[in-house]
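Derivation of every value follows stated rules applied to the coordinates shown; laboratory data play no part. In this text the structure is predicted, and so the values were computed from the model without any measurement. We place every Cβ from the backbone using ideal geometry, glycine too, and count neighbours over all the protein chains shown.
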Ligand code: GRF
C-alpha cells in the first residue's frame with residue numbers, strides 16, 4: 001500500500017456518530033486515512049452536518065430522484081469514483097448496497113452491525129438481542145457482500161447484557177464500543193493487515209496500537 005492516506009467514502013442515513021469517530025481518528029492520524037466524501041440517503045441526516053463541520057464534502061443523494069435502485073446505486077458509485085474513494089464505509093446506511101458498487105469495490109466495503117453476527121442480523125439488532133433474552137450481544141465489523149449482514153467478519157467484540165437493561169441503556173454501551181472497533185478495523189485495513197480468505201478475514205499482526213480512549 002502507498003503512504004498517502006487511504007481515501008474513505010462514508011455512507012450514512014442518520015446521526016453519524018460512527019462517522020464522527022472515524023473522522024476524529026483520521027484527523028489525529030491514528031487511522032492513516034481521510035474521509036474524502038460523505039454520502040447520505042437522507043437529507044436530514046445529522047451526519048451531513050458533522051461532515052460539514054470538518055470540511056468534508058457532504059452529499060445527499062435521494063432515492064426518489066431516480067427511476068430504480070440500479071440508477072440510484074449508479075449515482076452513488078459515480079460520486080465515490082469522482083472523489084477517488086478507495087474504501088467504502090457503511091456507517092448506519094439503511095439501504096442494501098447495489099451489485100454495481102460491490103463489484104467496483106470488491107472486498108473494499110465495510111459495514112458495522114450492532115450485534116454479534118450471524119445472530120440478530122437486520123435493522124433492529126439491539127432490540128432483537130434484548131427481546132430474545134441473550135446474556136451477551138456485541139458489535140460486528142464485516143466486509144459487505146450482496147447478502148445483508150453476511151460478509152466476512154473482520155472484528156467482533158462482546159457486550160454483556162445487564163439486569164434491567166433497556167434498549168437505550170444497551171444501545172449506549174453498544175455505540176460506545178462501535179466507536180472504538182470501527183476505527184480499529186479501518187486502521188487495520190489501511191495498514192494492509194487484513195487478508196480475506198473465503199469467508200475468513202485473517203489479521204496479520206497483533207492489535208497493539210493505540211486508539212482514542214473511549215469509555216465503554
Ligand atoms: C449503528 O448502531 C450501526 O451499528 C448501525 O447503524 C447505527 C448507526 O449509528 N448499522 P450512527 O449513525 O453512526 O450514529
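Out of the range 6-48, which residues are touching a residue at least 24 places away in the same chain (Cβ under 8 Å) and farther than 22 Å from residue 189 by Cα? Once the filter is applied, which keeps residues that are touching a residue at least 24 places away in the same chain (Cβ under 8 Å) and farther than 22 Å from residue 189 by Cα, the range 6-48 yields 13, 14, 15, 40, 41, 42, 45, 46, 47, 48.
None of 18, 73 is part of a helix (DSSP H, G or I) and within 16 Å of the ligand (Cβ to nearest atom) except 18. Of everything in the range 87-112 that is assigned to a strand (DSSP E or B) and either without any contact (Cβ under 8 Å) to a residue 60 or more places away in the chain or in contact with a helix residue (DSSP H, G or I) (Cβ under 9 Å, 6 or more places away or on another chain) (or both), the residue that is farthest from residue 76 (Cα to Cα) is 112. Of the numbered criteria (1) surrounded by 15 or more Cβ atoms within 10 Å (Cβ to Cβ); (2) within 16 Å of the ligand (Cβ to nearest atom), the one residue 80 fails is (2). Tallying residues that are within 15 Å of the ligand (Cβ to nearest atom) and more than 16 Å from the chain's Cα centre (by Cα) within the range 25-42 yields 1. For the residues 115, 176, 123, the requirement of being surrounded by fewer than 18 Cβ atoms within 10 Å (Cβ to Cβ), assigned to a loop (DSSP other than H, G, I, E, B), in contact (Cβ under 8 Å) with a residue 24 or more places away in the chain and within 16 Å of the ligand (Cβ to nearest atom) singles out 123.
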